[in-house]
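Asker: Provided herewith is a single structure, encoded as structure tokens, for subsequent inquiry.
The values are calculated or read from the model by the stated rules, or taken from the named source; none is laboratory data. Keep in mind the model is a prediction, meaning the values are calculated, not measured. Here the Cβ is made from the backbone with ideal geometry for all residues, glycine too, and neighbour counts use every protein chain on show. We work out accessible area using only protein heavy atoms, side chains counted, and drop any ligands, DNA or RNA first. Shrake-Rupley method; radii C 1.70, N 1.55, O 1.52, S 1.80 Å.
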Protein chains: 2
Amino acid sequence: MMNEIDSTPQRPVEVVPGVFKVTLGHPERITPVSVRRSTPLLSGFNSLPPARNDYNYSKVIARPSDRGFHVSLPFDRDEGIFGLGLQLKSCLHSGRKRHLRVNADPLVDTGDSHAPVPFFLSTVGYGVLVDTARYVSFYFGTHAPLHELSHRARVKHRPVADAGSEALYRSSVIGDTIAIDIPAAQGVDLYVFLGPTMMNALQRYNLFSGGGVALSATALGTQYRCHADSSAEDVLALVTLLKHQEMDISSIGLEPGWQTHFYPNSFEWNLQRFPKPSEFVSSLARRGLELNLWENAFVHPDCQLAAELGTSIGDQPATDGLVPDLLSSQGRDVFVRHHRTKLVPSGVRSFKLDECDNGDFLPAAWSFPEHTRFPSGADGEQMHCLLGVHYQHATKDALRETPPGWFGLARSSGALAASLPFALYSDLYDHRDFIRGLVSAGCSGLLWTPEVRDATCTEDLIRRLQTAVLSPLPVINAWYIRNPPWFQTDAAKNNDGITMADSQEAMTQVRELLRFRKSFVPYLEQAFNHYRTTGKPPFRALVLDWPSDPSTWQIDDQYLIGDRFMATPLTEGQIRRTIYFPEGRWTLYGTESVFEGRQSTSVKLPLAQLPLFQREVSPP
Amino acid sequence: MMNEIDSTPQRPVEVVPGVFKVTLGHPERITPVSVRRSTPLLSGFNSLPPARNDYNYSKVIARPSDRGFHVSLPFDRDEGIFGLGLQLKSCLHSGRKRHLRVNADPLVDTGDSHAPVPFFLSTVGYGVLVDTARYVSFYFGTHAPLHELSHRARVKHRPVADAGSEALYRSSVIGDTIAIDIPAAQGVDLYVFLGPTMMNALQRYNLFSGGGVALSATALGTQYRCHADSSAEDVLALVTLLKHQEMDISSIGLEPGWQTHFYPNSFEWNLQRFPKPSEFVSSLARRGLELNLWENAFVHPDCQLAAELGTSIGDQPATDGLVPDLLSSQGRDVFVRHHRTKLVPSGVRSFKLDECDNGDFLPAAWSFPEHTRFPSGADGEQMHCLLGVHYQHATKDALRETPPGWFGLARSSGALAASLPFALYSDLYDHRDFIRGLVSAGCSGLLWTPEVRDATCTEDLIRRLQTAVLSPLPVINAWYIRNPPWFQTDAAKNNDGITMADSQEAMTQVRELLRFRKSFVPYLEQAFNHYRTTGKPPFRALVLDWPSDPSTWQIDDQYLIGDRFMATPLTEGQIRRTIYFPEGRWTLYGTESVFEGRQSTSVKLPLAQLPLFQREVSPP
């Protein structure tokens, strides 16, 4: 029951330059790599410095058990660990346990996420993908080895609970291993991504995933999502208003109500609200606007798509709908064909893929159970880990005859997603968490949008929108408010048509932020193009550029945009904040104020000031 | 991989009257029943009405998979499901997924708990114990059967998110099965506890567990826990103060500092703080006070107990200590012997067993990992599920030569715990959650104390203490405040010796509440004696007495105490609250105000009024 596999694993195989595969035990049939639909971008590897293959494979230990499969990897107590997908509660994982459960409601800092990725990245300059579609747990140096306990007992006092966070952090990084606990499996493939730098390791992961994603200027503009009950007429009236107010919006999103049925979905236009979909989309196009359609994957049992899916569905429903098996070619083909022939021809540019995470921790079950069985052989747990990515791929397939460059939205993602043109979002609405998402997502090949809905006041609205325009995709999601939030931030009053006192001022500030975004798009296009070919994320944590500066490790409220900008968002109530300036000289956007690097400074950033710094480029 | 076991399970076997065992597949070796240390109280079954064996075994379906073992049980949409151990976030489980993970930090309503119990109880009049030491998931009617989806789609509109809680509840109870998802296992034993009533089913469960527990008058009195740094002198000075203030305290608790080392623990008296432990305990005894000692099970590597344990420990540490294997006879014997010979002789009356749940979701890892291996063959997950109960048993063994009737504290418990004289507690400190604990715990053979620490103000203190004196064990836990909370509720000011303005008033109200408690003890003794022999819990949810009155189902802030009292606690800020009066006539404690049953009424309950109602006993 507890036999140890030989501590020297199977000889590592270099699968692409600087990426080594290590097979331990008998891996499962369905894993992110085994069912992958992207291919590595081999050309990108040429631009990277050669890898030093100094990963200590001899310290890799594996062990099967009744519970699944256990792996132990070497860990240095001075190592900073990042990654694991979208993490809204913290970014630095050394000294922490992380349980990667797909959860639409990640309220606690445990690793739960809409988009967990079993990939971690070390400041030492390597990354590891644990190729599993299970809710895997990682323990990053959390437990001291038994033989060191006496020594520890003699030399240290455990800090009390109210010690500073730095001390508490240090006190928790006490082990010399990374323990990985994989349920159900009896083996696993590890993929080791070498540096030399942390950034190079991440680039290798992103290139292995298919490279980054390039986006069009329109796709990088601001999206406005209309009230869920809107008709074509309502939307066009809103668009006229937005134009009149000179708001730089480049795409419109429709929420569930565009369909004849939703929860579960018919995937058919509601012709009462939208009598002529193609004409409606053309009207938008004439105004320079692209259309994004909300949906989730759960199919109304009486609609045409359900009939076409036949038996290519799970044996359990979700929100009373059928769950297509997107891991089976038949299920995928039917699902893609329906989108390609029924929805895309009307001119739809992209989709928003809701509820593809796992909602069963909410009061009512909003997803299929973990024990669901799919014809492809996947179970519910595996499908939860893979649905986000495979749903994105299905959408991409459906749009394959349209010009590239569109940008979709998805509420879940996973491993090997770098090449998918989707931004993650969340129904949780904590601005501070949303900022952290911008820091964490880029460490595992993901993009994240901190969407704006209603707000507690104008200040909150503007602070949220500042963060949004400094993100991959600014979204104003007005799905439950009939008027734009700058008209009234309070949702109930907004729907009652009551203008707030400072709405003119709010409107002016919103207009300026959207203009800024538009002016920023060419720079972003470049950063995304660079992402596409080199795997270097356009939005990223400071630690990726300065891994050997430990001051960057704990920073989860600042992030880089491309190579020249650093965003330092503020939240409601803040007028000044502490900013860590990494190496270099930094100029506050639109001012002459210069800040020297390698120091923390308190900086006043009034509401009218965009919290953005430009790095001085040293002469070549 | 997905073969279905024959849907007719092995023939149910009646193991004690009205309790049927059903074996499905190949159960694991280590389960709550297989390692149980209590024996059923057979005499108790005679007092129960005969069981009707009408459980529909033909609808029990089982299926092994790579992930573990899956069981489906019949479910009626009108069934109310309760139990699953201590649940601080909600009590009614129909229409919900519950994942029973042992977690010291259960912040979200998912089933996580210090003391989950894989036992549920139905209003229809039966209960089921799923005999597993795994983090099992239950789905209680959460998913409609696939063949009913079209019908559902035609007849109903799914309520929107802002529908009333009742509507949302009804909308989520849509399936006709209870799905049970057990990780790792390839089989499981179910124990079906028959009624006829819901209460009878619970009684059978408690009697099967060993019967309830009887407690002495002193044990049922109020406990005061001293500051963690206290010396013998400090404690005796405090005791003098308490006597002087006429506070009815019956036991004193010492927190970690009584030992030479803690986190991890030496289990040896700190002779600098407590030079003569026996004399100290005798001094307390002369003042009518019993002593409770804090500890956790994690052993300092350099102490005598560590040497004695030898290899009877887990292969991973917890809080830098060794984890004794209390499931192995050697580990247990050594651990018990140390307590029995080194600590009990000094006169210690009971223990407080901290951290025996699972703390690894906290920032630093406070427990051993799930993949820990123990010599007994248990893994970390199983040990987390069993440690609470087996640690309690070990303490009970250590105290076996002392008079019965003591009452310990434990931060974790599990299945078959009814006969263990321990109250559960939590470091979370939400008063509303604490009240819910009093409602939920009794549905699975557990006792719970809503301990009082500091408070936001006098009102908060008094409201918390009202709940505490209406609980199995009132505890004032001053482990981080040097003066009693009625001197100053603010912790920092308390330690700075700053008296609050209304401390005299607070002291008077505390004194009265402690007096009330003392006067209430004889009634409680009776209720506990009844629990001991019949398994009828002394503190319990209203639904247990009125399962066919659905108004009782959602009530999670009122509970019965014995057969004659109902507590209706209030929290800070409340001066009146809605109370549901079940069948009968109810008199507000200490007044002439009478309320008729089967109605909800808003009742004003000022701070000076104990929120307690007495039921009129109908003439025989």
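Asker: Provide a whole-number value for the mean count of partner chain Cβ atoms within 10 Å of the Cβ atoms in peptide A:363-375.
Answerer: For peptide A:363-375, the averaged partner shielding equals 6.
Asker: Name the trypsin sites (Lys or Arg not before Pro) in the stretch B:77-128 that are in a loop by DSSP and that have at most 16 other C-beta atoms within 10 Å, would you?
Answerer: Of the trypsin sites (Lys or Arg not before Pro), the ones in loops of the stretch B:77-128 whose Cβ has at most 16 other Cβ atoms within 10 Å are B:77.
Asker: Out of residues 5 or more away from residue A:296 or on other chains, whose amide H comes under 5 Å of its own, with H placed 1.01 Å from N in the peptide plane?
Answerer: A:354
Asker: Give the percent of DSSP beta bridges with both residues in the protein assembly as shown that are antiparallel, rounded to the nearest 5.
Answerer: In the protein assembly as shown, approximately 75 percent of DSSP beta bridges are antiparallel ones.
Asker: Over all directions, how big on average is the projection of the convex hull of the alpha-carbon atoms in the stretch A:277-343, in square nanometres?
Answerer: Taking the Cα atoms of the stretch A:277-343, their convex hull projects to 5.3 nm² on average.
Asker: Taking the Cα of residue B:495, stepping 7 Å toward and past its beta carbon, and measuring to each backbone N in the stretch B:407-430: which are under 19 Å?
Answerer: B:427-429
Asker: I'd like to compare A:502-515, A:311-324, B:435-448: which one has the highest average count of other Cβ atoms within 10 Å, and what's the full order after that?
Answerer: Listed from highest to lowest mean packing, they are B:435-448, A:311-324, A:502-515.
Asker: Next up: Just for the Cα atoms in chain B, what are the lengths along the principal axes, largest first, rounded to whole Å?
Answerer: 72, 64, 48
Asker: To continue, here is another question. For the pair A and B, how large is the buried accessible area, both sides, in square angstrom to the nearest 100, if the probe is 1.4 Å?
Answerer: The summed interface area works out to 5300 Å².
Asker: Arrange the peptides B:173-181, B:26-34 so that the one whose residues have, on average, the most other Cβ atoms within 10 Å appears first.
Answerer: Order by mean packing, descending: B:173-181, B:26-34.
Asker: Output ³J(HN,Hα) for the stretch A:513-529: one whole-Hz value per residue in order, computed from phi by the Karplus curve 6.51 cos²θ - 1.76 cosθ + 1.60 with θ = phi - 60°, and x for Gly and Pro.
Answerer: Along the stretch A:513-529, the couplings run 5, 5, 5, 3, 4, 4, 5, 8, 4, x, 4, 5, 3, 4, 4, 5, 4 Hz.
Asker: Quote the FRET efficiency, to the nearest 0.05, computed for residue B:34 versus residue A:246 with a Förster distance R0 of 60 Å and r equal to the Cβ-Cβ distance.
Answerer: Between residue B:34 and residue A:246 the formula returns 0.25.
Asker: Also: Structure shown: which of A:21/A:536; B:21/B:536; A:21/A:396 lie over 24 Å apart, alpha-carbon to alpha-carbon?
Answerer: Violating the 24 Å Cα-Cα cut-off are A:21/A:396.
Asker: Within 10 Å of each Cβ in peptide A:64-72, how many partner chain Cβ atoms are there on average? Round it to a whole number, please.
Answerer: 5
Asker: Could you look at the stretch B:274-405 and say what percent of its accessible area is carbon and sulfur, using a 1.4 Å probe and all protein chains?
Answerer: Percent of accessible area from carbon and sulfur atoms in the stretch B:274-405: 51.
Asker: Here's a follow-up. Can you bin every Cα-Cα distance in the protein assembly as shown into 20 Å intervals starting at zero and give me the percent of pairs per bin, rounded to whole numbers?
Answerer: 11, 38, 38, 13, 0, 0
Asker: Based on the Cβ-Cβ distance from residue A:526 to residue A:234, what FRET efficiency comes out when R0 is 35 Å, to the nearest 0.05?
Answerer: Working from the Cβ atoms, E equals 0.40.
Asker: What accessible area per residue comes out for the protein assembly as shown, rounded to a whole number of Å², with a 1.4 Å probe?
Answerer: 33 Å²
Asker: What average count of beta carbons from other chains do you get within 10 Å of the Cβ of residues in B:304-316?
Answerer: Averaged over the peptide's residues, the number is 1.
Asker: Determine the alpha carbon to alpha carbon distance for each of B:97/B:352; B:342/B:518; B:243/B:518; A:276/A:342; A:59/A:97 and list only those over 22 Å.
Answerer: Cα-Cα > 22 Å for B:97/B:352; B:342/B:518; rest within.
Asker: If R₀ is 56 angstrom, what is the calculated FRET efficiency for the pair residue B:329 and residue A:429, using the beta carbon separation as r and rounding to 0.05?
Answerer: 0.55
Asker: In deg cm²/dmol and to the nearest 500, what is the mean residue ellipticity at 222 nm of chain A if only DSSP H runs of at least 4 residues count, each as -39500 (n - 2.57), divided by the residue total?
Answerer: Result for chain A, helices only: -7000 deg cm²/dmol.
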